[in-house]
Amino acid sequence: MWEYTDKVRELFLHPHNVGEIKGADGTGDVGSIVCGDALKLTIKVDKASETITDAKFQTFGCASAIASSSAITDLIIGKTIDEALKLTNEDIAGYLGGLPREKMHCSVMGREALEAAIADYRGETKAESDEGTIICQCYGLTDTKLRHVIKENSLRTAEDVTNFTKAGGGCGTCLPDIEKLLTEIWSGKAILTERTPLKKLTNIQKISMIQDLIEKEIRPLLQSDGGDVELIDVDGTNVVVSLRGMCSECVMADVTLKNIEKKLKEMVSNDLTVTIS
Amino acid sequence: MNVVYLDNNASTRVADEVREEMMPYFSELYGNPSSMHLFGGQVHRRIETAREKAASLINAEPDEIVFTSCGTESDNTALMSALQTMPDKKHLITTRVEHPAIHSFCKLMYGKGYRITFLPVDKQGRLKFGELETAITDETAIVSVMYANNESGVIFPIEKIAEFVNSKGVLFHTDAVQAAGKLAIDVKKMPIDMASLSGHKMHAPKGVGALYIKRGTRFSPLLTGGHQEAGRRAGTENVASIIAFGKACEIAALNISAENYRVKTLRDKLENGLLYSCPGAQVNGDIEHRLPNTSNISFEFVEGEAILLRLNEYNICASSGSACSSGSLEPSHVLRAMGVPFTSIHGSIRFSLSRYTTDSEIDFVLEKMPLIINELREMSPYT
């Protein structure tokens, strides 16, 4: 049972500003139903003064996601665009009297929706956080976005990065990368740089390494989640596999494939690609 | 306001008769059952009576029952015993939908070099039996398949599985924690070598369980120390809870058919009512072969934790397979193994009834649930 504050409970049971503004000046769509929470924020802006005159939300998610969404609308109505952009996820959590640590990602989602809605209003197509390299495949999070949240909230542990962004909360394979990112940010040294290229392998060495890795590391992981993978062929640098069980039907099949590719690149050779037979 | 408790697969209320039976062991009957004097010795005799009652629930012999501290300890003991007594066999077979007590143990053993096969289930949560036939080898130390699933309520064909595993000369364990007391289990009718039971799932208190070990099964204890439980589980007995466990088994055995018929009728009323009043709802799991008290329903476009907390406002208790309510970010491994789409898992709610559930409680849930679902859907960006 989560320990929610009275404010969270109140805004969850009786949220303010539910709905969608027709002909909104800005729309922010973040999250997805697959990930377990999603928020659509619409805002009305008075052009002359750049003031947010109205805001409404629609949220799929848990109590703290709904309360955070309601909080962001309360916080931004009446503010200018510039004032609104100064709001942090801590401000949202603070407005709610605090959130359980594990639920901080709900406040981060609220803040992201706000950024996206304002970017949409300004006619910017892509938010800054969408650029960069993907760190967490499960939730599609880039290093740029993680850096932003880590710095803004002074996060020191990978566990907190998961609490605030969900990164690493799925399959967990990116947790070492998150650790490296944290070290890099707080020590000021570049660690998450290109890995040193591995020495060239013979084809037979390569195939046996791939076989070994799939058998000993990748299959047990997938099997425990109800999936399976089989190595079909290695054609030059292209590794052909077939996904079985859950994996083959899963909406995350692409992600699974990318994870396998990442693992093979890391452990065997950087030039490998993975495709489905 | 009264609590409407529909989370009996998580834990159950201690029956009044059970509580009364255990009370003397907190006051006048405090002797150690291992003592030589009569004061302690009389307690030992009561434990043996409890053992007889526990045995008769599953038609076992009393000396085939070992009392433990919980279902998890029973599960861990069974698997560890198999590995200890057959050190040359490095393969375990289980399913993808087991309780963490089995799942985590297997993952731990995987890290220690064992090979683990997690048998898949189909979309209805039914075990793919053919996969067991191909997975079993001379290397297999034990096959562990749950009797009934805690989340979906799906019952596995344990007799067929046990007979097949037995024909291959491999040990068979079943986690019968959810099935015991709800289904008639007869260990004389099928070659089950070990079975785990838990007290608090059948109206005994938390902190007591049992492990059935068929006569002649090679066994190695998990806890070593004193000679309690015939040397199979060291540690001074949790006397009051063991007495309670015995009483709970006795009551369960008496009521199994009548109560379950009544509970099943209420469950069906709840399920059909919800499917009727909430569009976009569907039942997860094989509705033919299912525990009589369990209903797992997915409500599209709404998130489980939000539903639970709204239910909580009416003092209605249930549980969910959604990621948010699990404490981790991962949704239910059982529903994922069944191939339930993520979108539906996030909105899954499990109702589990007991013999204390009343008709008016079901009416109350049927009245409140559509309101909750509608309100949350009005908030959802997907509707």
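The values are calculated or read from the model by the stated rules, or taken from the named source; none is laboratory data. Everything numeric here is computed off the predicted structure, so don't read it as measured data. Every residue, glycine among them, receives a Cβ derived from its backbone with ideal geometry; neighbour counts consider all protein chains shown.
Miscellaneous remarks
- Residue in region A:38-72 that is nearest to residue B:379 (Cα to Cα), counting only those that are among the β-branched types (Val, Ile, Thr) and part of a helix (DSSP H, G or I): A:66
Results for (1) touching a helix residue (DSSP H, G or I) at 6+ places or on another chain (Cβ under 6 Å); (2) crowded, with 18+ Cβ neighbours inside 10 Å; (3) β-branched (Val, Ile, Thr), shown as yes or no for each residue.
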{"position": "A:72", "(1), (2), (3)": "yes, yes, yes"}
{"position": "A:80", "(1), (2), (3)": "no, no, yes"}
{"position": "A:84", "(1), (2), (3)": "yes, yes, no"}
{"position": "A:95", "(1), (2), (3)": "yes, yes, no"}
{"position": "A:120", "(1), (2), (3)": "no, yes, no"}
{"position": "A:124", "(1), (2), (3)": "no, no, no"}
{"position": "A:163", "(1), (2), (3)": "yes, yes, no"}
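- Matching residues, region B:95-113, being without any contact (Cβ under 8 Å) to a residue 24 or more places away in the chain, within 11 Å of another protein chain (Cβ to nearest Cβ) and assigned to a helix (DSSP H, G or I): B:104, B:107, B:110, B:111
- Any chance residue B:263 is over 30 Å from residue B:42 (Cα atoms), over 18 Å from the mean Cα position of the chain (by Cα) and either not basic (Lys, Arg) or not assigned by TED's automatic domain parsing to the domain that holds residue B:338 (or both): no
- Pair list, Cβ < 8 Å and 6+ apart or interchain, from region A:36-65 residues that are at positive phi to residues that are surrounded by fewer than 24 Cβ atoms within 10 Å (Cβ to Cβ) and of a type in the set (Phe, Trp, Tyr): A:36/B:342
- Matching residues in region B:114-126 - criterion: being under 14 Å from residue B:143 (Cβ atoms) and touching a residue at least 60 places away in the same chain (Cβ under 8 Å): none
- Filtering A:75, A:99 for residues that are under 26 Å from residue A:13 (Cβ atoms) and not in a helix (DSSP H, G or I) leaves a single hit, A:99.
- Just one residue in the set B:247, B:206, B:189 is in a loop (DSSP other than H, G, I, E, B), in contact with an Asp or Glu (Cβ under 8 Å, 6 or more places away or on another chain), assigned by TED's automatic domain parsing to the domain that holds residue B:102 and at pLDDT 95 or above; that residue is B:189.
- Some residue of region B:259-271 being without any contact (Cβ under 8 Å) to a residue 12 or more places away in the chain, among the acidic types (Asp, Glu) and surrounded by fewer than 21 Cβ atoms within 10 Å (Cβ to Cβ): yes
- Here the condition is being touching a Gly at 6+ places or on another chain (Cβ under 6 Å) and in a helix (DSSP H, G or I); of B:54, B:78, it holds for B:54 alone.
- The set of residues in region A:14-38 being modelled with pLDDT of 95 or more and facing chain B (nearest Cβ under 9 Å) consists of A:15, A:18, A:19, A:20.
- Comparison of B:143, B:154, B:165 shows that the only residue that is in contact with a helix residue (DSSP H, G or I) (Cβ under 7 Å, 6 or more places away or on another chain), crowded, with 24+ Cβ neighbours inside 10 Å and either of a type in the set (Gly, Ala, Ser) or modelled with pLDDT of 95 or more (or both) is B:143.
- Against the numbered list (1) touching a strand residue (DSSP E or B) at 6+ places or on another chain (Cβ under 6 Å); (2) surrounded by fewer than 23 Cβ atoms within 10 Å (Cβ to Cβ), residue B:121 comes up short only at (2).
- Test for residue A:45: is it within 14 Å of chain B (Cβ to nearest Cβ), modelled with pLDDT of 95 or more and surrounded by 22 or more Cβ atoms within 10 Å (Cβ to Cβ): no
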